[in-house]
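Notes to accompany the following structure.
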Amino acid sequence: MLELRLVQGSLLKKVLEAMKDLVTDANFDCSATGFSLQAMDSSHVALVALLLRSEGFEHYRCDRNITMGMNLNNVSKLLKCAGNDDIITIKADDGGDTVTFMFENPKQDKISDFEMKLMDLDSEHLGIPDAEYHAIVRMPSLEFSRICKDLSSIGDTVVISVTKEGIKFSTRGDIGNANIVCRQNTTVDKPEEATVIQMNEAVSLTFALRYLNSFTKATSLSETVTISLSSELPLVAEYKIADMGYIKFYLAPKIED
Amino acid sequence: KPKQQVLSRFFAPK
């Protein structure tokens with residue numbers, strides 16, 4: 001038996017919005033640790049890893065590990081029926097083939113439940129080893145989103161370089177080229193407005209902008225994003241979900257043959 | 001032109 005009660009239901013709504021354009025179908029894994037997911041996009045270029053820790057739920061009951069295959073677009077449709085202030089409860093029976101989403105409004109005078117059929121999906125989990133990254137940059141998530149959007153009006157790919165000077169985003173296209181440099185800046189009013197650059201080694205990698213733009217759908221989940229880069233490794237963009245966990249996106253680079 | 005890599009080049013299936 002599985003029963004997860006999330007008081008801040010809007011978090012789950014935002015999580016689905018952040019993933020549904022990247023991934024069509026995915027297995028949600030539920031264990032004593034929490035509610036998690038690892039899934040790749042159809043071209044196996046990008047991967048999303050989600051963790052909502054059990055402690056973040058008001059009530060968390062998971063008698064045995066359960067894997068639930070769902071179409072993320074359908075889950076998103078159901079969650080759109082929940083109000084932003086609603087409490088969301090996810091329920092499933094062991095070995096059952098359905099999941100129920102229950103929404104309670106704050107006044108507790110409207111309770112809705114939606115039952116959805118589960119899917120049998122092949123699990124394609126990748127082992128992601130802990131790595132020492134050459135550079136780790138934390139910056140406001142809105143700034144990162146703005147940069148990806150602006151550059152994609154000029155080019156399709158972006159070169160992200162980290163040096164002592166800062167993090168540089170460069171693109172080129174038919175109309176010309178563009179460079180945006182963000183320098184380390186810790187003299188800000190609020191810590192989440194800072195740009196913090198941790199660099200062990202200079203690094204420069206090329207990525208497809210359309211995937212980065214898709215990752216920025218997670219912007220509303222966190223005021224900051226942490227971008228980790230190493231030559232010969234996929235980029236990681238991590239959005240922390242306050243008190244609960246994270247959503248991490250991995251993106252394979254473009255490399256000269 | 002740089003070629004788009006896939007994740008399996010970097011991470012092995014579990």
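For chain A, the relative contact order is 21 percent, taking Cα pairs closer than 8 Å that sit 6 or more residues apart in sequence and dividing their mean separation by the residue count.
Here the stretch A:171-257 is treated with +1 on each Lys and Arg Cβ and -1 on each Asp and Glu Cβ, and its dipole about the Cα centre works out to around 180 debye. The gain in end-to-end length when the A:VAL188 to A:THR24 segment is fully stretched comes to 55.1 nm, 0.36 nm per residue minus the alpha carbon separation.
For the stretch A:1-23, the residues whose backbone nitrogen is under 15 Å from a point 7 Å from the Cα of A:ILE111, taken along Cα to Cβ, are A:4-6.
By the rule of a C-alpha distance below 14 Å, with chain neighbours fewer than 8 residues away ignored, the aspartates and glutamates paired with A:LYS14 are A:ASP85, A:ASP86, A:GLU223. The mean sequence separation of alpha-carbon pairs under 8 Å and at least six residues apart, normalised by the residue count of the stretch A:24-143, gives a relative contact order of 21 percent. If R0 is taken as 41 Å, the Cβ-Cβ distance between A:GLU143 and A:ASN65 corresponds to a FRET efficiency of 0.60. Note on chain A: dipole from Cβ charges, positive end direction compared against A:LEU205, A:GLY96, A:LEU6; the farthest Cα belongs to A:LEU205. Our estimate of slack between A:ASP174 and A:SER153, defined as 0.36 nm per intervening residue step minus the Cα-Cα distance, is 6.5 nm. What does the charge count near A:ASN71 come to, summing +1 for each Lys or Arg and -1 for each Asp or Glu among other residues with Cβ under 11 Å from its Cβ? With Lys, Arg at +1 and Asp, Glu at -1, the neighbours total +2. Counting, for every residue in A:45-55, the Cβ atoms of other protein chains within 10 Å of its Cβ and taking the mean gives 1. In a reduced charge model with +1 at each Lys and Arg Cβ and -1 at each Asp and Glu Cβ, the protein assembly as shown shows a dipole moment near 680 debye about its Cα centre. The slack in the chain from A:GLU124 to A:VAL181, taken as 0.36 nm per residue of separation less the alpha-carbon distance, amounts to 16.8 nm.
When chain A is described by a simple charge dipole with +1 on each Lys and Arg Cβ and -1 on each Asp and Glu Cβ, the residue from A:VAL75, A:PHE144, A:ALA46 located farthest towards its positive end is A:PHE144. Applying a threshold of 23 Å to the alpha-carbon distances of A:LYS149/A:LYS248; A:LYS77/A:LYS217; A:LYS13/A:LYS217; A:LYS164/B:LYS3; A:LYS217/B:LYS1; A:LYS117/A:LYS248 flags A:LYS164/B:LYS3; A:LYS217/B:LYS1; A:LYS117/A:LYS248 as lying beyond it.
Every number here is computed from the coordinates shown, using simple stated rules; none is lab data. Keep in mind that what you see is a predicted model, and the values were worked out from it rather than measured. Every residue, glycine among them, receives a Cβ derived from its backbone with ideal geometry; neighbour counts consider all protein chains shown.
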